[in-house]
Every structure is written in C-alpha cells, then in structure tokens.
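In what follows, a structure is listed as structure tokens, so that the remarks can point back to it.
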Amino acid sequence: MAALLTLAGCSNGQNEANDTVSQEATTGDVLRIGTEGAYAPFNYTNADGTLGGFDVEIANAICADMEVTCDITAQDWDGIIPGLKAGKYDAIVAAMSVTPEREQQVSFTEPYFSNTLVFLAKKDSPFDPNDSSDINAHSIAAQRSTISSQWLENTYPKANMKLYDTLSNAFLDLGSNRVDAMVSDKLPALEWLGTSAGSDYALKGEEIDINDNFAIAVRPGDALQEKINQSLANIKADGTYDEIHQKYFAVPKLDSTVNTQTTEKTAE
C-alpha cells in the first residue's frame, strides 16, 4: 500500500509494494498517522472532534521535521494494527508498547517514551497489590490488548480480570464500583485521578517497572522507519521533544504509597 499521499492524490484503491512505499515516502506531501484518540494524556478526542495529546503533538513535530503534512485519524485500539496493515494509514503513534508479539506484525522505531504500570482503588480500600493473594481475591479492570492486561494475565493468571475495549470504559466501571481495582499505565491513571470521577481513588502499592517502551509502528520493510527515527532524533536534539514532554508530563511526584519497583513480581 502506498505509504504517503500527495495533497491532490487519491487515498482509495491503493495496493502497491513496499518499494513503491519507500519511493513515495521521499516525495509525498502527507504522512497518514493512526492513533486511538481515547488514551489521555497520550491521545484523546476533543469536544469538537479534533485529536489532541502527547502522541498527536509528537506526530505533528515529526511531520514538521520531515516537511510533510500530518493527516491524523482515530482508530479503535483492537483494529489499529490491522488498519496499518490494510493501508488505512502509514504509521501508528498511539502509546503502543513494543512487544515480541507486535514485532511479528509491524516494525517499530526507536522508543519515544518509557512507561510504568500502577494499581488504583478506592482511597479507603484495603486492597494491597503487593500481596498476590489480595489481587486474586479482587476483580481487577484493565484495557484489553494492552501491556497492562498482558502483564496482569501473565503475572497473576488466577486474578478475576475484567477487560475493556477502551481505557475510558475501564475507568467508568472502576468509578461505578463494578470492579474493586484497576491496573493501568501510570500517566493515564494520574490523569484520571485528577478528575472529579477519580477524586475518591488513589494509587495502591508499588509502581511497576516492566521495561515498557512506546514506539511508532510502521509496516515491515517500510523506509519510513528510518526516516521517522531520524526526525525523532532531530526533535530530541533541538528541544522540541522536551517542550512537548514538559507540557503533558510535568506532574507532581507520587506520594509515599508508591515506590519504584525494580524487580518483577511473580504470581503464586
């Protein structure tokens, strides 16, 4: 599928090999980006239907460095890799963790963000995720097909897991007391805790460091991988990346209930 479109080009009926993709990546005017649009603060949909967030601004900065126009569209998470493979867009910028399973389907750029996981529950809840038996005794929410749910499934296979298509629906059930606790990427969790819906909730236990890195996905063999890597390096070198990072992630330090975990827990 053609990786890049000219501004006057047609976006329908394209079905070309990756060597054509690479050639057009050099001369095209538009880079098509897929994101989820439902994973604040990384990507979200504004009231007017426009997309915003850290991922969106990083994508726009990369496009500016490449001297192309970004065409960013939202795609449900479960269909985001199939959409890339089908040629709906040329790259995914959507807080996507690099995993061996995904590397069998897409090629990743260099990482642009490092992530950790956290547990959330009611402030007055006795839930203690440092105790594996406590995890197994409670219903735990997570977004389906994410590093959070995969980590929970692999580390605590006996847990009563409730999986959701979107992070917003997982937070909704947590806030409605339909589940006892939730595991999430740290920054979306902090974002939710700062809302009225999350005001009665808190982080529980230790921050979980699983060496999780977010990167941009492209189709295997696409020359865009090298081009995006170069632009990513450029925006890091000229300070653009730091400005965007500071805008979204200048958050207060975690309180004493959360400590950095350096060793991976195992299920009993």
* Assess whether Gly221 counts as being touching a residue at least 24 places away in the same chain (Cβ under 8 Å), in contact with a Phe, Trp or Tyr (Cβ under 8 Å, 6 or more places away or on another chain) and outside any helix (DSSP H, G or I). => no
* To do: Identify the residue in the stretch 144-166 that is among the small types (Gly, Ala, Ser) and buried (at least 17 other Cβ atoms within 10 Å of the Cβ) and, among all such residues, is farthest from Ala95 (Cα to Cα).
  => Ala159
* Asked: What number of residues within the stretch 173-200 satisfy the criterion of being closer than 17 Å to Asn115 by Cβ and assigned to a strand (DSSP E or B)?
  -> 4
* Counting only residues that are crowded, with 16+ Cβ neighbours inside 10 Å and either in contact with a strand residue (DSSP E or B) (Cβ under 6 Å, 6 or more places away or on another chain) or among the polar types (S, T, N, Q) (or both), how many does the stretch 123-140 have? -> 5
* **Residue tally, condition loosely packed, with under 15 Cβ neighbours inside 10 Å and either hydroxyl-bearing (Ser, Thr, Tyr) or in contact (Cβ under 8 Å) with a residue 40 or more places away in the chain (or both), over the stretch 231-248** => 2
* To do: Look at the stretch 129-157 and say how many of its residues are part of a loop (DSSP other than H, G, I, E, B) and of a type in the set (Phe, Trp, Tyr).
  => 1
* Asked: How many residues does the stretch 64-110 hold that are hydroxyl-bearing (Ser, Thr, Tyr) and in a helix (DSSP H, G or I)?
  -> 0
* So is Ser231 outside any helix (DSSP H, G or I), modelled with pLDDT of 95 or more and in contact with a helix residue (DSSP H, G or I) (Cβ under 9 Å, 6 or more places away or on another chain) or not? -> no
* **Which listed residue is under 19 Å from Val98 (Cα atoms) and crowded, with 19+ Cβ neighbours inside 10 Å, from Lys204, Lys227** => Lys227
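The values are calculated or read from the model by the stated rules, or taken from the named source; none is laboratory data. The structure presented is a predicted model; accordingly, all values stated were derived computationally and were not measured. All Cβ positions, even for glycine, are placed from backbone atoms using ideal geometry, and neighbour counts span all protein chains on display.
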